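No lab work stands behind these numbers, since they all come straight from the coordinates. None of these values were measured; they are calculated from a predicted model. Here the Cβ positions follow ideal geometry from the backbone for every residue, glycine too, while neighbour counts run over all protein chains shown.
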């Protein structure tokens, strides 16, 4: 019933783009004649766009502009047949540019803004640096984007230490924080191993959950049951396919480091971060803002790694403010 | 597709089954299958039956694809009194039809792709139970298992399947 009602009276369209063997799904929702389209790159790798098409943030944003939810190659409801060698960051960036060209053709004259969350932030940066996408885009929004995994790991360690010690001093979750701080103290930030990186990621999510200031919108981020009921793919299938694609991309994604190239990005950019994101610390956003010629950093004070679900109203207002600014 | 040809062949003296076929719990579909059965062992109220037949499925995954698949099946059924434990597996193929307008980039721009989708192998296996309805001739069945689509992406993918329906004897016994 939910999907029967969804999109009534507005734009609710599913398109596929056949590109280099993949059939890439794009779900577009918003007003019937949108003044702009925000093309969303999901996190992961191994995630899917439907994880974002929920909660109040998308209702607010879609009331004013359209959102195009792209399922990346080998993830979500995208399909097709290709070789494992075709699952690379460069190929996914080329896919993204091709989808932007599709949106350009399908909605001629409508400004396009690209937005990427977490891994999608890294993919968006790759798209801006490696393809013709900048010519198609009015703006770029990076939300807690993992565009430099080596650097974000280095930045996460002191964040674990400083926040952990503050939480222990305040007597909050002392046992859990002590373990996290102990781990962080043992990490050599000049020589972070793959195991360190994996544990930084895991402890990052755990640390965020221990921060009382970080709220999660009721019914925002899909719980397992909600996701299972809403997924167009089927939960076990989506996990199976997504995990396989994540494995193919894992090494390259871990080596991703675009910081030194960020000064080439002239597209107007909004860097939107959660203050309590231990997975991709806001310090990475600050570093990016200092390198990019036309970028503004906004840090939401009660958010973690998924500010669209932590502070949906502030998140939506910031997104819409930026979109209106760049299309005027 | 082979199934329109296979159906009348398999109908002779066997059973026809039809039912609701849901994938991953909620993606709706319908299925039709036939089977010819032979009892290979009996002891008291217990019996072992083997079967051969075919299955055709039509399933819709919203915003993803509609899939038509057909298979040739083998199976076995262990009956204990009125209730039977059924195991069934099929080797088959099918085609998907993408659930949205599909475009491909060409030198002259974007062009629509009519009836876009893909062919693939679609084997499946399921286990379940069956038993007689109150009337006697018609029996009910419920089964769950996995259907694989290969290739998909660079690999393959499993889909959970769950079927409930009725089996009706047709033709001469």
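How high is the FRET efficiency between residue A:206 and residue A:254 when r is their beta carbon distance and R₀ equals 22 Å, given to the nearest 0.05? Between residue A:206 and residue A:254 the formula returns 0.65. Quantify how much of the Cα-Cα distance distribution of chain B extends past 23 Å, in percent. Of the Cα pairs, 44 percent sit more than 23 Å apart.
Please work out how much length the chain gains when fully extended from residue A:198 to residue A:130, using 0.36 nm per residue of separation minus the C-alpha to C-alpha distance, in nm with one decimal.
Numbers: separation 68, 0.36 × 68 = 24.48 nm, distance 2.74 nm.
Contour length minus the Cα-Cα distance gives 21.7 nm.
Could you state the angle between the C-alpha long axis of helix A:235-255 and the longest principal axis of the C-alpha atoms of chain A, as a value from 0 to 90 degrees rounded to the nearest 10? Tilt relative to chain A: about 70 degrees.
The long axis of helix A:89-106 is offset from the longest Cα principal axis of chain A by roughly 40 degrees.
Where does helix A:174-185 land angle-wise versus the long Cα axis of chain A, in degrees 0 to 90, nearest 10? The angle comes out at about 90 degrees.
Quick one: if you take sqrt(5λ) for each eigenvalue of the C-alpha gyration tensor of region A:62-190, what semi-axes come out, biggest first, whole angstrom?
Values: eigenvalues 291, 65, 38 Å².
That gives 38, 18, 14 Å for the three semi-axes.
For the pair residue B:97 and residue B:115, the difference between a 0.36 nm per residue extended length and the Cα-Cα distance amounts to 5.9 nm. Computed from the Cβ-Cβ distance with R0 of 51 Å, the FRET efficiency linking residue B:78 to residue A:261 stands at 0.20.
State the three equivalent ellipsoid semi-axes of the protein assembly as shown, derived from the C-alpha gyration tensor as the square roots of 5 times its eigenvalues, in descending order and whole Å.
Working: eigenvalues 460, 150, 77 Å².
After diagonalising the Cα gyration tensor, the semi-axes are 48, 27, 20 Å.
With the simple spin-label model, which puts each label point 7 Å out from Cα in the Cβ direction, the residue A:185 to residue B:48 separation comes to 6.5 nm. Mean silhouette area of region A:151-209, derived from the convex hull of its C-alpha atoms and averaged over all directions, reads 3.5 nm². Note on region A:293-328 and region A:23-78: Cα centroid distance 16 Å, given to the nearest whole angstrom. DSSP assigns beta bridges within region A:1-149; of those with both partners inside it, close to 50 percent run antiparallel.
Using a/c under 1.5 as the rounded threshold, could you call region A:248-317 rounded, prolate or oblate? The axes a ≥ b ≥ c are square roots of the C-alpha gyration tensor eigenvalues, and prolate needs a/b larger than b/c, oblate otherwise.
On the way: a/c = 2.11, a/b = 1.24, b/c = 1.70.
Verdict is oblate for region A:248-317.
A crude spin-label estimate for the pair residue B:164 and residue A:63, with each label 7 Å from Cα along the Cβ direction, gives 4.0 nm.
Working from label points 7 Å from Cα in the Cα-to-Cβ sense, the residue B:150 to residue A:90 distance is 3.0 nm. In 5 Å bins starting at zero, report the fraction of Cα pairs in region B:93-173 per bin as a rounded %. Here the calculated profile for region B:93-173 is 3, 12, 13, 14, 13, 12, 10, 8, 6, 4, 2, 2, 1.
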